[in-house]
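Read the structure below first, then the notes.
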Amino acid sequence: VQLQASGGGLVQAGASRRLSCIASGRAFNSYTLAWFRQAPGKDREFAAAIRYGTSRTYYSDSVKGRFTISRDSAKNTVYLQMDSLQPEDTAVYYCAATYGSSWSASVYGMDYWGKGTQVTVSS
């Protein structure tokens, strides 16, 4: 599967932004999909995931309650709705996928990666 993320940009603190990631290839619904992010000088970290099959969602503590991950199977797209953005949310955001329901909130738990999209939050 190939992934293409979009929707990044410059926003002010407190604003909202929605990221999109279009997946090409077959069996979109067979993948667990996730968003990771990488701030300057830091490791790539897990942000949110939506699990294959159950569509149960998972969030890191840093984004829980502010970010929402969802998927639209008709459009082969996974979204990350980001609300109440803060300067510490500034990062390159990556969408990722792994086949099936066995996944982990780690870069090693994902098999496919898209190019990132930059989100910058000004104070």
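The values are calculated or read from the model by the stated rules, or taken from the named source; none is laboratory data. Computed from a predicted model, the values in this text were never measured in an experiment. Here the Cβ is made from the backbone with ideal geometry for all residues, glycine too, and neighbour counts use every protein chain on show. Note: areas computed on protein heavy atoms with side chains; ligands, DNA, RNA excluded. Shrake-Rupley method; radii C 1.70, N 1.55, O 1.52, S 1.80 Å.
Once segment 38-64 is narrowed to residues that are touching a residue at least 60 places away in the same chain (Cβ under 8 Å) and in a strand (DSSP E or B), the residue that is nearest to residue 119 (Cα to Cα) is 38.
Restricting attention to segment 73-90, the residues that are more than 18 Å from residue 2 (Cα to Cα) and either of a type outside the set (D, E, K, R) or open to solvent by less than 30 Å² (accessible area, probe 1.4 Å) (or both) total 8. For segment 46-57, the count of residues that are open to solvent by 30 Å² or more (accessible area, probe 1.4 Å), touching a strand residue (DSSP E or B) at 6+ places or on another chain (Cβ under 8 Å) and under 19 Å from residue 6 (Cα atoms) is zero. For segment 18-45, filtered to residues that are touching a helix residue (DSSP H, G or I) at 6+ places or on another chain (Cβ under 9 Å) and closer than 18 Å to residue 87 by Cα, the residue that is surrounded by the fewest Cβ atoms within 10 Å (Cβ to Cβ) is 43.
If we keep just the residues of segment 91-106 that are at pLDDT 90 or above and open to solvent by 50 Å² or more (accessible area, probe 1.4 Å), which is farthest from residue 7 (Cα to Cα)?
Checking each candidate, the answer is 99.
With respect to residue 70, is the statement that it is open to solvent by 10 Å² or more (accessible area, probe 1.4 Å), free of Cβ contacts under 8 Å to residues at least 24 places away in the same chain, assigned to a strand (DSSP E or B) and on the phi < 0 side of the Ramachandran plot true? Yes: the conditions hold for residue 70. Under 7 Å by Cβ, and 6 or more places apart or on different chains, what pairs join a residue from segment 106-121 that is under 19 Å from residue 89 (Cβ atoms) with one that is of a type in the set (Gly, Ala, Ser) and not in a strand (DSSP E or B)? From residues that are under 19 Å from residue 89 (Cβ atoms), the pairs are 117/7; 117/8; 118/8; 119/8; 121/13.
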